[in-house]
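Novice: The structure under discussion is supplied below as structure tokens; questions concerning it will follow.
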Amino acid sequence: MKKLLLVFLLVLPASSANIKISSFCILGRPVKIEGLHPGDLVRIDGQEGRTPRKWGFHRVEVIREGKVLGRARVLSLPGLFTLLPPAMAILLALLTKDVFTSLFLGIFASSLLLNLLRPIKAFLRSFDTYIIRALLSSDKLSIVLFTLLLGAMVGVMSKSGGIEGIVQALARKVRSGKTTQLYTWLLGIFIFFDDYTNTLIVGNTMRPLADRWKVSREKLAYIVDSTAAPVASVALISTWIGFEVSLIGEGLRHVGLKMDPYMIFLRTLPIRFYVLFALFFGFLIILTGREFGPMLKAERRARQGKVLREGAIPLAEFEIGPLLPPPQIPKRWINGVLPVLVVIGITFSGIYITGINSAGTIPPGPFFKKIGLIFSSGDSFRSLLWGSFLGFTVALVMAVGQRLLKLREAVKAGVDGMKAMLTAVIILSLAWALSETLMDLQTGDYLASALSGKMDPRFLPAAVFVVSALISFSTGTSWGTMSIVYPLVIPLTYSLAAGSPHFQRILTGVVASVLSGAVFGDHCSPISDTTIMSSMASSCDHVDHVRTQIPYALTVAVFSLIFGILPYSLSLPYPLTLLLEASALTAFLLLVGKKP
């Protein structure tokens, strides 16, 4: 995790420029200083030490062999202040429906704390530091290019009649809104190996059909979102597995436990209650046709032919004049299906090939473990670029080769498709920038430590789920949440439950709860990239997607805690807990839900 250290620093002499002092720290915690040697002396307000005892401004000095190497003015505040920027961004987005302003104000509020409450400097740093830094990562730039290239591919597919051809072909089998939703859910399960690929392909492919059968954009976005991160996080072959297993292994090594992290990963699969029941609940809602909360209102509106709320601002809009196919060209489904298959096939193959090249010699073991190791070593971001670029190329060649479009028209359609993605790219960049500032404020670290403490070890999985869910919802990152929580909770579990006869069960429950809680935020946080991309792929107003999805996600989270995690922690066999939660969710939906 990279930390940006913003400082007011006087360095004497120039050769000691490696001393860097953070300008912000949480009250009661040491000031972060880089470049310290073992014999260096640190003073705060003239007193030896690195931990401020009262909140406010402090003067920090680093002294080596009698010489002052660095000075900085540091702001120390209670950790609760680090929660204000994400809370403000989320609440403003939900209340005002203005995502751009809400996210920027969250960035500015974080920057204000990190820049000693100086508003002009904080305003400038919001742009020239945090928003820029959010795009400096090669991984994030890959996501932006992947998104734009996929938009270009969809633009060409739309202009050449490929998407309309898919709709006409599926219309022979899909004869209702219910079967449209079911096909969307099944396609989301089928594209299991990467959540980004899943989100953009499923949403863009099924959106025209959903519109035809009067399924609201909010409902489409929910189905897309609830099968993206959840299915990728539990798939034995996915871009997630390597990251998950590596973090589990690091935590085990930290406390000296010689256990196979992959085997622990496998044991967590049937008890990742939130993840499994996010998938189940989506299917249950489709099967019963029942809705509740804001989604019920959205579906009733869609039945009247209004798939979008009046005044809604979709993150991407492909049903516009420049991307509509000319009426005289034939609508061939192959022009829509083949580019999508190319994206899926090239991305999947690319991850596998780069994984083999990176992993080197694969040790003997179970088949899925070896495949998991290969995929964990693969370069998913490079593979996504290969897939989207070749998918766009195939769509272009097919449109021009069949003389459906002239080359100039096809290229222009690709550019128009990229333009349709621009709003979403801006929101993604702002969300990433806010996440960067929250890392500097140590928001996740504060939440994790503030909510942990002495407790009955049997309740650790439940507590860890709540902590992970809060962090992931506040920061909008599942992988960041896992990175923060694992180094804390595995040692905590070992210290509290090492002597317990139920240690193995508690440890497995804790690991599963981290993964489940992290996916919760990725699933429904307004500042999560997959939530934003689900809105974009479904051409849905982002705030409308979040407002309609949160009641469903919270329902699954609460039921997972009460009927899944707690009974399992109290030694109820996990098949019974799965049956218990499935029954409870079904009864709840039948009791509360109504048919639009």
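Novice: Find all pairs meeting these conditions: Cβ atoms under 8 angstrom apart; at least six residues apart or on different chains; first residue within segment 324-341 and more than 10 Å from Gly162 (Cα to Cα); second residue assigned to a helix (DSSP H, G or I) and of a type in the set (A, V, I, L, M, F, W, C).
Specialist: Once the first residue is more than 10 Å from Gly162 (Cα to Cα) and sits in segment 324-341, its partners that are assigned to a helix (DSSP H, G or I) and of a type in the set (A, V, I, L, M, F, W, C) give Val340/Ile201.
Novice: Still on this structure, please answer the following. Out of Leu276, Leu324, Leu308, which single residue is aliphatic (A, V, I, L, M) and surrounded by fewer than 20 Cβ atoms within 10 Å (Cβ to Cβ)?
Specialist: Leu324
Novice: I'd like to verify a number: residues in segment 301-339 that are part of a loop (DSSP other than H, G, I, E, B), at pLDDT below 85 and either among the small types (Gly, Ala, Ser) or at positive phi (or both), how many?
Specialist: Number satisfying all stated conditions: 1.
Novice: Determine, yes or no, whether Ser571 is more than 23 Å from the chain's Cα centre (by Cα) and on the phi > 0 side of the Ramachandran plot.
Specialist: Against the criterion (more than 23 Å from the chain's Cα centre (by Cα) and on the phi > 0 side of the Ramachandran plot), Ser571 qualifies.
Novice: Inside segment 166-192, can you point out the residues that are of a type in the set (A, V, I, L, M) and within 28 Å of the chain's Cα centre (by Cα)?
Specialist: Leu182, Leu186, Leu187, Ile189, Ile191
Novice: Search segment 220-232 for residues being of a type in the set (Ser, Thr, Tyr) and not in a helix (DSSP H, G or I), and hand back the single one that is surrounded by the most Cβ atoms within 10 Å (Cβ to Cβ).
Specialist: Thr227
Novice: Shifting gears a bit: Hey, could you check segment 176-219 for residues that are surrounded by fewer than 24 Cβ atoms within 10 Å (Cβ to Cβ) and small (Gly, Ala, Ser) and say which is nearest to Phe281 (Cα to Cα)?
Specialist: Gly177
The values are calculated or read from the model by the stated rules, or taken from the named source; none is laboratory data. Quick caveat: nothing in here was measured; it's all calculated off a predicted structure. Positions of Cβ are backbone-derived with ideal geometry, glycine not excepted, and every protein chain shown enters the neighbour counts.
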